[in-house]
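S.K.: Let me give you the structure first, and then I'll get to my questions.
Values quoted throughout were computed directly from the atomic coordinates according to the rules given, and no laboratory measurement underlies them. Treat the numbers as computed from the prediction; the structure is a model and nothing was measured. Cβ placement follows ideal geometry from the backbone for every residue including glycine, while neighbour counts extend to all protein chains displayed.
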Amino acid sequence: MTFIDSEFGEVVIRKNAWCTRPKFSVATSGKLTISAPPHTSVFLAKRWLNSARDQIREQLPIKDPATQRARDAQKRILMKKARDYLPYRLEFWATKYGYSYSGIRLSHANTRWGSRSSSGTISLNIGLMKVPEPLRDYVILHELAHINHMDHSEAFWAEVASHDPNYRRHRKLLKQYSPGV
Ligand SMILES: [Zn+2]
């Protein structure tokens, strides 16, 4: 039994009488395979896949070309959304709080949501388009606050807090997401 997932491509469900819980692996073909108990439906397999999606993305080397294509497509969509949104949002907050920066760069690094270079360019990860707006704004305000404070000192956090009073909560919630596409 197989089904098509928009991110991982063709997914194979391999039923196994001894299997009691779903197990994800990569077949030699490079396709994502779910070992599952007999009587597993495609509907159920899709649900398992969705709840394990982040983990699969991080841990399994899926080499199916369709997967790569799906990932590239997702990256293009995020890039387009990011281009239409992040420069304006950055400008909005910068104007509101009187910050000046020299430019914006859209990145797709796997580990950072944003950064500020010594030349004053602010980098924002296109993966921000996947997270709720308050968390996105927190990242932007965090990078803007670095214009006045290069470090993560108390003064830096006080400045972030003055623009985003819920920054602690936003920072914590952000850890549930991964910047990688
Ligand atoms: Zn920082």
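S.K.: Of 76, 53, 136, which is the most mobile in a GNM of the chain whose springs link Cα atoms less than 10 angstrom apart?
M.R.: Highest fluctuation among the options: 53.
S.K.: Quickly work out the residue 106-to-residue 42 label distance, labels modelled 7 Å from Cα along the C-beta direction, and quote it in nm with one decimal.
M.R.: The two pseudo-label positions are separated by 3.4 nm.
S.K.: Excluding residues fewer than 8 places away in the same chain, name every one of the lysines whose C-alpha is closer than 20 Å to that of residue 81.
M.R.: Candidates past the 8-residue exclusion: 130.
S.K.: Write down the percent of antiparallel bridges among all DSSP beta bridges whose residues are both part of region 75-174, to the nearest 5. Spell out each step's value before the answer.
M.R.: Values: 3 of 8 bridges.
The antiparallel proportion sits near 40 percent.
S.K.: Per q in 0.18, 0.21 1/Å, what log10 I(q)/I(0) does a Debye calculation on the alpha-carbon atoms of region 99-156 return?
M.R.: Normalising to I(0) and taking log10 leaves -0.59, -0.80.
S.K.: So if we plug the beta-carbon distance of residue 19 and residue 156 into 1/(1 + (r/R0)^6) with R0 = 45 Å, what FRET efficiency do we get, rounded to 0.05?
M.R.: Working: r = 51 Å, r/R0 = 1.13.
About 0.30, to the nearest 0.05.
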